[in-house]
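*Asks:* Okay, handing you the structure first.
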Amino acid sequence: MRSRVGLSFLAMVLAFVVGTPVARAAPVSYAVSLGNNQHSELTIDGGQLTALRLTAFVPSCVGGAGTTWSITIGLPGGPVPILGGVLHVETEGVSGYPDTGVHVAIDGMLTTDAQTLSGTITYSGLHTPAETGCPPVTADFVAIPLPALVPPDPEHQWTLTGANVRVDATNGHITRVKAVVPFACSLGLNESDFDTRAYGISDIPVSASGAFSLSLNVLDEYSVVRVLTITGTLSSGAFSARFQIASTNVGGWNGDCVGDATFAAGAGRGTALPTPDAPGAPGTLGSSLPGSVGPSALISWGALRRDTTGGSLFYFLAGGVRCQRGATHVRISINGGRNHTVRCGASIAYASGPLAPDRGYFARLVAIKVRRHRVVAHGLPVLASLHMPAANAAWRPIAHIPANPPRI
């Protein structure tokens, strides 16, 4: 993970958006997910496929399990028409290795709103210096419009803010949601840095009871398409939502993924802590995944604002530290800085020195086993993407805070 989530269909991934997508001007560039972590794109303009730049890993038929050839795929000539939403392309894939290539057939279906292109790619006749006549191999693909670049706006005043989530809402409508959504895959933790504005969504209606929902395809940090579903409530001055991420039928280079996190945001000023996730609740991050070896731990993140005569100081907090497989402590460093060691079982403890507000940070966590003041075992390191809320965020006063805050 940068610390910064399956669904199975025959040849299609359907995206349902409860909201109003912003019209996209042609041409449209799409990110193509082939189940690997290689960036691939195609462009559709005026009902035609006008550009194709794919990188695929084609299985070898003589090498051992997992042996593949890296193949680059482009258009065979001029634009290819998409008739009735149906795309069919016959082309040749080439490799950087001499005398290595494969025939490629792409069959896809474009949804009526042009938000999803999905289907299959068939590789046949793979030929290399060591093999010819390999049997055909078919794989799924899915493509979605590339998210728009949303320039940072540090002066933007969000309606509601919380840990790793920000919301703009007005007159019973949610106009923007920005969140860092964590999820777990076979090979580690991952995340999707999600902004509705980047995906062309400017209005999420809210019912009279305050309920809302949104489901769409998004990209993770490796340009793999994931299915994101958000369900929640919006009331006066409060936002609460469940963010669920799942793999498409294409999967991903690090296996099927799943994520289930609950975020809350509010308005107003305070002097202390935005409520951290309850121990073990969705949204906690672990120092290793279930089934891995070595010490492991789960913690919940929080943030603290300490008001002093010299101004406000901002810290990350670790709460509800739960350890497994012999772990006794968790070491945490922020942006590669000094380690802060938190004991297992701690209900709340400092996880950083003072930091600047309204900024993103990376935390590195390692569960360790200490015996007689020596580290005798450690788990796998995990990176987490965190955001320190702004000074005017929805800080909730608390009566008790940890003593002796770190100076650095």
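*Asks:* Over the range 28-103, what lengths in whole Å, largest first, do the semi-axes of the equivalent ellipsoid take, defined as the square roots of 5 times the eigenvalues of the alpha-carbon gyration tensor?
*Replies:* So the equivalent ellipsoid measures 26, 13, 11 Å along its semi-axes.
*Asks:* Quick check: residue separation of A238 and V150 times 0.36 nm, minus the Cα distance between them. What number comes out in nm?
*Replies:* 29.2 nm
*Asks:* Determine the equivalent ellipsoid of the range 52-153 by diagonalising the alpha-carbon gyration tensor, then write out the semi-axes as square roots of 5 times the eigenvalues, largest first, rounded to whole Å.
*Replies:* Taking √(5λ) for each Cα gyration eigenvalue gives 29, 17, 13 Å.
*Asks:* Hey, another quick one. Determine, for each peptide in 118-124, 316-322, the mean count of other beta carbons within 10 angstrom over its residues, then list the peptides with the highest first.
*Replies:* The densest-packed peptide leads the list: 316-322, 118-124.
*Asks:* Now for a different question. Using a 10 Å cut-off around each Cβ, can you sort S40, S33 from fewest to most neighbouring Cβ atoms?
*Replies:* Ascending number of Cβ neighbours within 10 Å: S40, S33.
*Asks:* Only counting other Cβ atoms within 10 Å, I'd like R359, R338 sorted with the fewest neighbours first.
*Replies:* R338, R359
*Asks:* Return the distance in nm (one decimal) between the two label points of a simple spin-label model at T309 and N171, each offset 7 Å from Cα along Cα→Cβ.
*Replies:* 5.0 nm
*Asks:* With charges only on Cβ, +1 for K and R and -1 for D and E, what is the dipole size of the range 290-370 about its Cα centre, in debye, rounded to 20?
*Replies:* 260 debye
*Asks:* Over all directions, how big on average is the projection of the convex hull of the alpha-carbon atoms in the range 64-120, in square nanometres?
*Replies:* Spelled out: convex hull of the Cα atoms, projected over all directions, averaged, 5.4 nm².
*Asks:* Kindly put Y361, Y315 in sequence by how many other C-beta atoms sit within 10 Å of each C-beta, fewest to most.
*Replies:* By the 10 Å Cβ count, ascending, the order reads Y361, Y315.
Read the figures in this text as sums done on the coordinates, not as results from a lab. Small disclaimer: the values here were computed from a predicted structure and weren't measured. Positions of Cβ are backbone-derived with ideal geometry, glycine not excepted, and every protein chain shown enters the neighbour counts.
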